[in-house]
């Protein structure tokens, strides 16, 4: 599991955009979005953490890895 805090994610549209961005680089990924805590948790099928973070960034958000 890979988790990011995305503090500039604030609504359902944001959650959908981030999910779509992740699936664009890893179609088999399982994505869970918790808007209340601004956390995105991803179970990747193939993509690495950097590729997923880059995809989220390209969608216009600021992912911060969660240790």
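One table, with the values for the structure above:
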{"quantity": "Restricting segment 54-67 to residues that are outside any strand (DSSP E or B) and closer than 13 Å to residue 39 by Cα, the residue that is nearest to the chain's Cα centre (by Cα)", "calculated": "56"}
{"quantity": "Matching residues, segment 38-52, being surrounded by fewer than 21 Cβ atoms within 10 Å (Cβ to Cβ) and touching a residue at least 40 places away in the same chain (Cβ under 8 Å)", "calculated": "41, 43, 44, 49"}
{"quantity": "Members of segment 10-52 that are part of a loop (DSSP other than H, G, I, E, B) and within 19 Å of residue 67 (Cβ to Cβ)", "calculated": "37, 38, 44, 48"}
{"quantity": "Cβ pairs under 8 Å, 6+ apart, first in segment 10-21 and in contact (Cβ under 8 Å) with a residue 12 or more places away in the chain, second assigned to a helix (DSSP H, G or I) and surrounded by 11 or more Cβ atoms within 10 Å (Cβ to Cβ)", "calculated": "18/56; 21/55; 21/56; 21/58"}
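For every residue, the table says whether it meets (1) surrounded by 15 or more Cβ atoms within 10 Å (Cβ to Cβ); (2) out of contact with any strand residue (DSSP E or B) (no Cβ under 8 Å at 6 or more places or on another chain).
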residue	(1), (2)
2	yes, no
9	yes, no
17	yes, yes
25	yes, yes
28	no, yes
33	yes, no
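Values in this text are rule-based calculations from the coordinates and carry no lab data. What you see is a predicted model, and the numbers here were worked out from it, not measured in a lab. Glycine also receives a Cβ, built like all others from the backbone with ideal geometry; neighbour counts cover every protein chain displayed.
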